[in-house]
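What follows is a single structure, written as structure tokens, with notes after it.
Only the coordinates and a few stated rules stand behind these numbers; no lab work does. A quick note: this is a predicted structure, and the numbers were derived from the prediction, not measured. A quick note on method: Cβ atoms are made from the backbone with ideal geometry, for glycine too, and the neighbour counts reach across all protein chains shown.
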Amino acid sequence: MVTLVQGNDSVSSYFSKLWEEFDSMTPPQFDCTKSKHFMLHIQRLKVMQFLMGLNENYEQARSQILMTSPTPNINKAYYMLIERESQRSIASSSSLGEMIDLGAMMAGKGNYNQKPQKNWNLICDHCKLKGHTKVVCYRLIG
């Protein structure tokens, strides 16, 4: 079981595989005064095994969970990582979307801040000046 790691699996897939194997190895529950302590110990082992098998991408989240006092139960640790995984997914897709939007804006931007170049070969029929025509003559248009 120590060799079971996340690899290319999602957190939820890794979580399921790990507990299927873990449950097949643990003895059945027993009734005694120490069973509560035993179950708490098993819960801590589950959290440690789960966290240690995660990819390096989750190193920061793993550290945060391990520093939490008391150590969260396995379900809380799992949901914390699922939340982190979905945030990472949203961030990467929104970053890609933002880059595409920015690229589209820059491609369509053009040279709107620059004054139009005058064509000195044109002569206005109205004012007889060079560089424009009667259609855009500033003396007519204002």
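Just a few scattered comments:
- Each residue of the range 41-55 is assigned a 3J(HN,Hα), and the resulting list reads 5, 4, 4, 5, 4, 4, 4, 4, 4, 4, 5, 6, x, 6, 5 Hz, derived from the Karplus form 6.51 cos²θ - 1.76 cosθ + 1.60 (θ = phi - 60°), x at Gly and Pro.
- The peptide list 78-85, 65-72, put in order of mean Cβ contacts within 10 Å with the highest first, becomes 78-85, 65-72.
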